[in-house]
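One structure is given below, encoded as structure tokens.
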Amino acid sequence: MAGKLRLTRPELKRQRDSLARFARYLPMLKLKQQQLQITLGAVNQRRRDARAEVESAQKEPYRPVLRDVAGVNVEELARPREVVTHQENVAGVWVPVFDSVSFPPAEYSLFATPPWVDRALSDLRGLSERQARLEVLDRQYEVLHKALTKIIQRVNLFEKVLIPRAREAIRVIRIRLGEEQTSAVGRAKLAKAKLADVLPALLAVARPEREGQP
């Protein structure tokens with residue numbers, strides 16, 4: 001570090017300012033990390049609940065007989081035409097939130113189809129809506145998980161790299177400046193001692209010259 005670090009007082013001030021800035025910013029990062037962890041846990045619970053609903057709805061006994069409905073593609077009519085979402089700020093992160101789902105119009109003859117088709121279509125559309133909600137929750141989880149990963153990386157960067165590096169730089173610079181100060185004091189004392197040794201001789205030389213003057 002000493003080879004790359006400028007061991008000067010201005011650099012010492014810069015490192016101290018950096019350390020103070022890191023120390024102020026780290027608690028905010030940790031708070032955001034905590035918020036994201038709590039939010040991510042809540043979203044994950046909603047995902048589990050939504051997945052359980054989807055799995056329960058998939059047990060309905062319609063699929064094996066859908067192919068027997070003449071002229072009506074019930075599965076096609078049950079597929080979402082559009083899933084509407086909006087963006088919402090959750091713990092400082094913008095995530096998609098489910099709004100609604102729309103389906104193609106169910107145009108078929110009520111007289112030419114079995115009476116259970118309406119119920120089957122309604123149930124399958126309900127399943128499709130649950131699946132759409134689950135997919136949006138999956139995207140929420142993915143976005144929040146990515147944001148949390150970045151925050152954890154930044155917290156680790158501050159705690160394990162930037163703050164220790166600044167503290168070490170301050171320590172090294174203070175040691176060097178202390179050594180320089182000690183060396184300067186030593187040189188001053190040595191110069192004073194030499195002057196004390198030489199001064200009597202200089203005064204002795206100067207005295208006869210002054211005495212010999214008219």
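Structural remarks
- Leu31/Ala106 FRET efficiency (R0 45 Å; Cβ-Cβ; nearest 0.05): 0.35
- In order through the stretch 161-168: 3J(HN,Hα) via Karplus (6.51 cos²θ - 1.76 cosθ + 1.60), integer Hz, x for Gly, Pro: 10, 5, 5, x, 5, 5, 4, 5
- Rg to Rh, two decimals, where the stretch 9-160 supplies the alpha carbon set and Rh follows Kirkwood: 1.29
- Chymotrypsin sites (Phe, Trp or Tyr not before Pro) lying in DSSP loop within the stretch 78-134, provided at most 14 other Cβ fall within 10 Å: Phe111
Here, each number is a calculation from the coordinates, and none is a lab measurement. Every value quoted in this text rests on a predicted model; they were computed, and no experiment measured them. Virtual Cβ from ideal backbone geometry, glycine too; neighbours counted across all protein chains shown.
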